[in-house]
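Report on the following structure.
The values are calculated or read from the model by the stated rules, or taken from the named source; none is laboratory data. In this text the structure is predicted, and so the values were computed from the model without any measurement. In this analysis, Cβ positions are derived from the backbone assuming ideal geometry, glycine residues included, and neighbour counts consider all displayed protein chains.
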Amino acid sequence: MTRRMIRWSTLAIAALLLTTACSGIGALRADQLSIVTPGELSSVQLPVTLQWRGDHLPASVSQFAVFVDRGPMAPGDDVRSLVDDGCRRRRGCPDPGYLRGLGIYLTSDRSLVVPTLQTLGGLGAETARPVHEAVVVALDQQGRRVGEFSAIARFRFER
């Protein structure tokens, strides 16, 4: 290899590393959000207390959304993207009661008490101890989801 080729190769590698490093600014990494309790597939009773850790979160994170037995919104979307047209047309909707009915909770804390669980449908409902799922995602000040990653807890409900 000539000196010129080495110099161009070095510049190309440096540019690639810089581009890769900058693309993640403000994005949430998988290791930054994790569920503390309940433990994976542990047995719980109502009310269910969820606790999570958020280490070195981006400065844009101001609150969390917890989704119980339903999927979260896509990265960059806000909670309003999950509500029906009737709610979008009503002033003040969605409010906490409306969201709770959908299995969605908003909090600035790193814990949440879920007072009730919806009855599961399908084959999961027929088991003696159905498995429920809670998904925690980070939100910015405008209520938009930050990054693609989430923390997930699966737990069994003791009736």
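The table that follows gives values for the structure above.
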{"quantity": "Elements of type strands (runs of 3 or more DSSP E) contained in the range 98-159, each with 3 or more residues being surrounded by 11 or more Cβ atoms within 10 Å (Cβ to Cβ) and among the aliphatic types (A, V, I, L, M)", "calculated": "111-114, 131-139, 151-157"}
{"quantity": "Considering residues of the range 60-91 that are under 25 Å from residue 111 (Cβ atoms) and of a type in the set (S, T, N, Q) only, the residue surrounded by the most Cβ atoms within 10 Å (Cβ to Cβ)", "calculated": "60"}
{"quantity": "Residue in the range 80-102 that is closer than 20 Å to residue 34 by Cα, touching a Leu at 6+ places or on another chain (Cβ under 8 Å) and β-branched (Val, Ile, Thr) present", "calculated": "no"}
{"quantity": "Filtered residues of the range 62-90 (kept if within 18 Å of residue 112 (Cα to Cα), at pLDDT 95 or above and of a type in the set (A, V, I, L, M, F, W, C))", "calculated": "64, 65, 66, 67, 68"}
{"quantity": "Residue count, the range 98-121 (criterion: in contact with a strand residue (DSSP E or B) (Cβ under 6 Å, 6 or more places away or on another chain) and farther than 23 Å from residue 81 by Cβ)", "calculated": "4"}
